[in-house]
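The structure appears right after this line, and notes come after that.
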Amino acid sequence: MAHAAGGEAHPAAGQPLLRIEGVAKTFGTFRAVDGVSLDIKAGEFFALLGPSGCGKTTLLRMLAGFEAPDEGRILLGDKDIAQALPHERPINMMFQSYALFPHLSVRDNIAFGLKRAGMARADIATRVAEMVALVKLEGLEKRKPDQLSGGQRQRVALARALARRPQLLLLDEPLAALDKKLRESTQAELMDLQRRLGMTFIIVTHDQEEAMTMASRIGVMNAGRLDQVATPRELYEAPRSRWIAEFVGDINLFDGEFKLRDGHRLVIATDGAGTLVAAEPREPVGATKLSVAVRPEKVKLSRRAPVGEGSAINQLDGVIADICYLGGSTTYKVKLGTGGMVQSSVTNSARLDVDAYSLNQQVVAWFSPDDCMVLDR
């Protein structure tokens, strides 16, 4: 674990707490992190999201001081900490494995870093009591890690990471070992804790739902590069690339070619869904080979062709090929007459399936031009 330093770096007004400038890291011939630049504001809950091997944990380890960058600077306030040792940084890291000492009690695990820092015994006792109350471990102080549940061990690791009151807390896949119910409740607790402490959190995860639930901003990494930094809504509704659109959430993608511009709309001839009309994106597309992307919840289903303003555009005839009931919603896969496939996610508003569709039923799938995202292929 990295331990907080005695001196603190305070950013000037309007300056980010953490500034990463052109940071790169190579292992042999493999470039794990490739020229990443990023600003993190004080009090922010930021997520680094990406598939395994994309460089997010390597970047986190460089922030903690366990790896030194080959290129670039890491500024905390106005101080470059890129070459500083872990214990010289006001940064702590909570590991995916929790890394608790098996022979130490809950109390002693939490107190470990405080003792190494030379804090007075009475102050250690006070701080440990604060941390135990903060993460709701009262009554478990004398237990060893093997006498705790997975969720309790996670709380001990969190308390230990927070005990020295770091300026920045790094969390490497901290909820990966928890079951779904416990993971969801712990997400809410972490968010509440971060708000109450006013501390800056950076979490690394490959779970897009986790990142979108917890973080105020998300940085998506791919092959060592930072592809997009945005709020969860912006990332979902306005992905910068086809790859991000596919990685973040479910998506219908129709590859095609630009045909003409009709006012503020683009007409695109696609391979699997015929001719589609999409609202012109904010940033102009430069290519003629394009993809039309539509989120499943934007795709509506009807038993017959809908009528009304906007509903006559982008109507696709097909049959229900697959049904996946998910409780709050049902996902339908529709085999189109054009040979393609489209996925529709429908909210289950009624308790019984009076409005549900059945396998092999003829339907019309439709969506408006404003529901379409246009992306370069």
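I'd like to check something: does region 286-298 contain any residue that is among the small types (Gly, Ala, Ser) and assigned by TED's automatic domain parsing to the domain that holds ARG165?
No: zero hits.
Just the residues that are within 29 Å of the chain's Cα centre (by Cα) and either at pLDDT below 90 or of a type in the set (D, E, K, R) (or both), please, taken from region 292-321.
Matches in region 292-321: ARG295, GLU297, LYS298, LYS300.
Scanning for something surrounded by fewer than 22 Cβ atoms within 10 Å (Cβ to Cβ), outside any loop (DSSP other than H, G, I, E, B) and in contact (Cβ under 8 Å) with a residue 24 or more places away in the chain, does region 171-179 turn up at least one residue?
yes
What are the residues in region 85-119 that are in contact (Cβ under 8 Å) with a residue 60 or more places away in the chain, over 28 Å from the mean Cα position of the chain (by Cα) and not in a helix (DSSP H, G or I), if any?
ALA117 - this is the single residue of region 85-119 that is in contact (Cβ under 8 Å) with a residue 60 or more places away in the chain, over 28 Å from the mean Cα position of the chain (by Cα) and not in a helix (DSSP H, G or I).
I'd like the residue in region 11-70 that is of a type in the set (Phe, Trp, Tyr), more than 19 Å from the chain's Cα centre (by Cα) and under 20 Å from PHE95 (Cβ atoms) and, out of all such residues, is surrounded by the fewest Cβ atoms within 10 Å (Cβ to Cβ).
Among those residues, the one meeting the criterion is PHE27.
What number of residues in region 355-375 are touching a residue at least 60 places away in the same chain (Cβ under 8 Å) and surrounded by fewer than 17 Cβ atoms within 10 Å (Cβ to Cβ)?
1
Taking the criterion of being under 26 Å from THR26 (Cα atoms), among the small types (Gly, Ala, Ser) and assigned to a strand (DSSP E or B), would at least one residue in region 220-231 satisfy it?
No, region 220-231 contains no residue that is under 26 Å from THR26 (Cα atoms), among the small types (Gly, Ala, Ser) and assigned to a strand (DSSP E or B).
The values are calculated or read from the model by the stated rules, or taken from the named source; none is laboratory data. Model, not experiment: these values are computed from the prediction. Heads up, the Cβs are rebuilt from the backbone with ideal geometry, glycines too, and the neighbour counts pull from every protein chain shown.
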